[in-house]
Amino acid sequence: MPSEEPQDFWFQLWQAADDPILLPANLRHQLLRAVDGDGAALADQLLSVVAEMSSDQRTAAAEVIGKAIGTELLSGYEAGYVGELWLREVESAAWQIMHAYSGRSTVRTSASHRAADTRRSRPLAVMGAA
């Protein structure tokens with residue numbers, strides 16, 4: 001679990017997106033599968049979490065991400081815009097991976113599989129929370 005310090009990027013992202021699935025520990029299994037050559041699970045998880053964000057959550061997450069990235073490379077652009085560009089890139093990359101894996105057995109084929117995998121990858125403290 002990230003610290004509750006206001007400056008902690010992971011805590012801010014968790015609060016903004018309202019989903020702990022973006023925390024590194026919760027992505028570990030899918031990252032290991034991706035390193036082993038199966039990026040579909042990670043792509044599906046990232047695409048799902050971004051797609052399920054409300055407009056307000058997406059805006060808040062983009063702001064947190066943009067501030068963390070910094071605007072030095074893209075001077076003249078607001079942090080929220082830089083973060084939105086990053087979120088779009090995540091969506092695009094995840095979609096491309098999902099498309100490349102379409103028809104393979106590694107891609108989950110139903111929402112029930114995605115929900116089951118998401119529940120398994122959430123931390124226990126979050127699973128029991130109401």
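Taking the 1.4 Å solvent-accessible surface of the range 1-82 as the whole, the part contributed by carbon and sulfur is 55%. Note on S102 and A68: the extension gain reaches 8.9 nm, defined as 0.36 nm multiplied by sequence separation minus the Cα-Cα distance. When the GluC sites (Glu not before Pro) in the range 11-90 are filtered for DSSP coil states and for at most 10 other beta-carbon atoms within 10 Å of their beta-carbon, the remaining sites are E72. Put a plus charge on the Cβ of each Lys and Arg, a minus charge on the Cβ of each Asp and Glu, and nothing anywhere else: the dipole of the range 1-101 about its Cα centre is then about 240 debye. Across all Cα atoms of the range 2-76, the radius of gyration (one decimal) and Dmax (whole number) stand at 13.6, 39 Å. Between E91 and S75, the contour length at 0.36 nm per residue exceeds the Cα-Cα span by 3.4 nm.
The values are calculated or read from the model by the stated rules, or taken from the named source; none is laboratory data. Keep in mind that what you see is a predicted model, and the values were worked out from it rather than measured. Note that we place each Cβ from the backbone using ideal geometry, even for glycine, and neighbour counts take in every protein chain shown. In case anyone asks, the SASA skips ligands and DNA or RNA and just uses the protein heavy atoms, side chains included. Shrake-Rupley method; radii C 1.70, N 1.55, O 1.52, S 1.80 Å.
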